[in-house]
Amino acid sequence: MHRRIFCRICPLGGLISLFSTFTPFKQIALTKLTKNEQKCTKCGICKRACPTQATAVYDKKGGDVTESKCILCARCVEICPYKDALSIKIAGQTVINSRDWLEQTNYT
């Protein structure tokens with residue numbers, strides 16, 4: 001038995017999929033996953049971290065990389081090791097950016 005059966009029929013996931021699939025809806029979608037092509041090194045960590053196996057974040061060159069499989073969970077943004085390579089924007093305002101967690105820190 002599943003603890004939360006309603007998670008199997010997610011209306012939010014369906015709406016996000018609708019707005020990410022069709023071109024007219026993509027233009028008015030408020031939430032977008034964006035990629036900075038100059039800062040991305042194509043390491044593939046974002047592709048492996050995605051729970052829905054959305055590959056556009058890895059495959060596309062840059063700009064808006066939101067696709068119909070993307071549920072905007074922000075796992076790819078959190079795990080990305082390069083500063084400002086990935087970000088989630090709501091209404092054009094950046095809400096979360098990837099950070100440089102590989103940076104060496106001196107503790108002396």
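Asp59 sits among other residues whose Cβ lies under 15 Å from its own Cβ, and their net charge, with Lys and Arg +1 and Asp and Glu -1, is +4. Here the extension length gained between Thr41 and Glu78 equals 11.7 nm, from 0.36 nm per residue of separation less the Cα-Cα distance. Sequence-distant contacts, meaning Cα pairs under 8 Å at least 6 residues apart, place the relative contact order of the range 32-100 at 37 percent. Amide H contacts of Thr66 (H built 1.01 Å from N, in plane; Pro and chain starts excluded): Leu33 sit under 5 Å, all sequence-distant by 5 or more or on other chains. Among residues other than Lys39 with Cβ under 12 Å from its Cβ, the summed charge is +1 (Lys and Arg +1, Asp and Glu -1). In a Debye calculation with equal point scatterers on the alpha-carbon sites of the range 33-82 and no solvent, what is log10 I(q)/I(0) at q = 0.13 Å⁻¹? Taking Cα atoms of the range 33-82 as identical point scatterers yields -0.23.
Throughout, read-outs are computed from the coordinates displayed, never taken from laboratory work. Nothing here was measured: the structure is a model prediction, and the numbers come from that model. Cβ: placed from backbone, ideal geometry, glycine included. Neighbour counts: every protein chain shown.
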